Each structure stands twice: as structure tokens, then as C-alpha cells.
Amino acid sequence: MVNTLTQNSRTKTYTLDPADRILTTADTAGPTLTNHYTDTSDNPGWIAASDGTWTRYVDGASGGLGISVDNAGTVHLQLSNLHGDTVATSTPADTGPATYAESTEYGLPRDPTTPTARYGWLGSNHRNTGDALAQLTLMGARLYNPTTGRFLSVDPEPGGSANDYDYCSADPINCTDLDGKWPSWHSVRHWAWQHKWDIIGTAATFVPVAGEVEWAYRGYRMARFARTGYESWRAGRSLRRISSGVRYGGRKYGWSLRYDRKWHNFHFFGHRVLRSHIQFDRWRIGVKGSHRSIRMPLPWSRGPR
């Protein structure tokens, strides 16, 4: 977690509460801010300043940031796009947006002259783009740099993304990493949907009986579990291998479904990459040479290292 940020002659110093959430932000060019939390998340319910002002934040019906209310009683509607970016604000008395600002998919303001608001890019998720310096974003456990699309410190969760500093495997449209630890794998679900017929067709080649409901159900459960984006070691521990046998036309077939993760050494490039795979196997029991196997890579990996 960040302790101090300095840009030119301005410095911001942060302190944490017992739950490792930002408690205070001391600014050499402005008042000290104190965050007050109303639940176990890292989203402050209201923020008080040392000059006596305060702002309260209320979520809308969708669960994202909906309105803010300042100490003068002014209500500001926080209007977000489908990505979760707060792009406009308005008061109930306005006939149109009072402010408007857009960000790129990585979080850079499209208009550099627009003042940076506290909640802009991913603002509906309470990601703070205004209380840091140098356009950095306070992203949970780490600082995020939208200019490079990278975090500034090592991922605290091994295997959390493509490498230690990567943001969402370079797919900020379909994925978010709100806590700086583990991405929300919208991209994995998108990949699974795009390749659904390949997955179904591959599985079908290993089902000797159309009515083999148990095999299909187990395969579905494993694919569903894998693409939700849970930590790979959990999937490997729970679903290392499932197998069974079935009789069809007087012949007995065996099948298996395996999940594994392996480190691959790329000596030429000087790093290692952790790859995840699902492997389907089928064979006719007692018949030599009848074994068939298809190995499918999953769209997440760990590397370089």
C-alpha cells in the first residue's frame, strides 16, 4: 500500500486503518482528508476535510456510486457509462450535465485540460483517481499508472495476472482489477463464450453415448468453475482429474478430464511462464492404440518471471 507520493514540491502522505484501508491523506497543498467507512469494503461512506467540509457518497440501485452530497446539502448525481466510469455529474435542478469527462480504456483522461475528479475512471466502483498525484489511481492494494497500463508494485497474489505488474492481461475493456490483487475475469467469460462451440464440439468427440449425462455434467461444472476466474491452484486442487467408464454396443470405453498448471522455461527470453490447461482423454478399454487426447490452453497464465 502507498505511503507517500511526491510530485515537484507537493507531497501526499497516507495512513491506514486496521483493515489496511486508507484512513487519512495529508496534503502539503491542501487540507487533510479522513475517510469514514460504513462497511467492510474499501469504499468510504463519507470523506471529511480538516477545513470543516465533507462529502458523503451513496450507492445507487445498481450497486455503484449514485450520488454525492456535500456539507452545504448540494446533491450531485454521478452518471456512469457501461464500463463503470463516472463520465458526468448533475444536480436535480440541472437540465443537463454540469460536468462531463471521458477516459480511455486504461484510465487516461481524453481531455488533459479537464480537472481530475475524485471518481472518474471506474468511479462507480469508487476507484479514486483524484486523491493521488501524477494521474495515478488508488487501486486497492496498489497504485496504478494509466499512462503505461501497469501497476507500480508487485502483485501481492501469485498468479493474479499475466505478470507481476500487468493490468488485466492488457484487456481493460472486458476486465477490471479493483483491489489490485485479482482481476474480475470478464475476459475469460468472453473467451469461453466466443469459443463455446469449439468447447462443445471437443467434448462431444469424447462422449461415446449421447446419453452420458454424468460426463457432460461434470465437464460443464469444471469448465464453469475454471472460467469464473478463481485462483488456479484451487481449481487444480479440487479438479485435478475426474474419470469414469461406460459400455456402448458391447464395447467398454474409458475417459478422463484433467486440469493442470506447469511452468515453462523460455531460456532465450530469460523468464518462465505458468500455463493452465484442460486435457480431455478417451480410449477403448483393452484396445491398443485407441487412446485419443486433446489439450486446451486456458486464457490466463502467469509470467514472465
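For this structure, a couple of remarks:
Residue by residue, here is whether (1) touching a Lys or Arg at 6+ places or on another chain (Cβ under 6 Å); (2) free of Cβ contacts under 8 Å to residues at least 40 places away in the same chain holds:
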{"site": "Thr32", "(1), (2)": "no, yes"}
{"site": "Val69", "(1), (2)": "yes, yes"}
{"site": "Gly84", "(1), (2)": "no, no"}
{"site": "Thr91", "(1), (2)": "no, yes"}
{"site": "Glu102", "(1), (2)": "yes, yes"}
{"site": "Arg110", "(1), (2)": "no, yes"}
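- Scanning the range 174-210 for residues that are at pLDDT below 60, closer than 22 Å to His126 by Cα and either buried (at least 19 other Cβ atoms within 10 Å of the Cβ) or touching a helix residue (DSSP H, G or I) at 6+ places or on another chain (Cβ under 6 Å) (or both) gives Trp185, Ser187.
- Index of the failed condition, Tyr106 passing every other in (1) at pLDDT below 85; (2) more than 23 Å from Val58 (Cα to Cα): (1)
- The strands (runs of 3 or more DSSP E) located wholly in the range 18-71 that include 2 or more residues which are over 17 Å from Ser124 (Cβ atoms) and β-branched (Val, Ile, Thr) occupy 22-27.
- Flag if Ser80 is touching a strand residue (DSSP E or B) at 6+ places or on another chain (Cβ under 8 Å), over 28 Å from Asp39 (Cα atoms) and in the same structural domain as Ser41 (by TED's automatic domain parsing): no
One line per residue, one yes/no per condition, for (1) modelled with pLDDT of 95 or more; (2) touching an Asp or Glu at 6+ places or on another chain (Cβ under 9 Å); (3) in the same structural domain as Gly107 (by TED's automatic domain parsing); (4) surrounded by fewer than 18 Cβ atoms within 10 Å (Cβ to Cβ):
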{"position": "His126", "(1), (2), (3), (4)": "no, yes, yes, no"}
{"position": "Gly130", "(1), (2), (3), (4)": "no, no, yes, yes"}
{"position": "Leu133", "(1), (2), (3), (4)": "no, no, yes, yes"}
{"position": "Met139", "(1), (2), (3), (4)": "no, yes, yes, no"}
{"position": "Thr147", "(1), (2), (3), (4)": "no, no, yes, yes"}
{"position": "Val154", "(1), (2), (3), (4)": "no, yes, yes, yes"}
{"position": "Ser169", "(1), (2), (3), (4)": "no, no, yes, no"}
{"position": "Pro172", "(1), (2), (3), (4)": "no, yes, yes, no"}
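- Some residue of the range 76-94 being under 26 Å from Ser9 (Cβ atoms), part of a loop (DSSP other than H, G, I, E, B) and not charged (D, E, K, R): no
- Only listed residue being loosely packed, with under 15 Cβ neighbours inside 10 Å, at pLDDT 90 or above, more than 20 Å from the chain's Cα centre (by Cα) and charged (D, E, K, R), chosen from Asp111, Asp59: Asp111
- Applying the condition of being modelled with pLDDT under 95 and under 18 Å from Arg118 (Cβ atoms) to the range 31-43 and asking which residue is farthest from the chain's Cα centre (by Cα) yields Thr38.
The values are calculated or read from the model by the stated rules, or taken from the named source; none is laboratory data. The shown structure was predicted, so the numbers you read here are calculated from the model rather than taken from an experiment. Neighbour counts run over all protein chains shown; Cβ positions are idealised from the backbone, glycine included.
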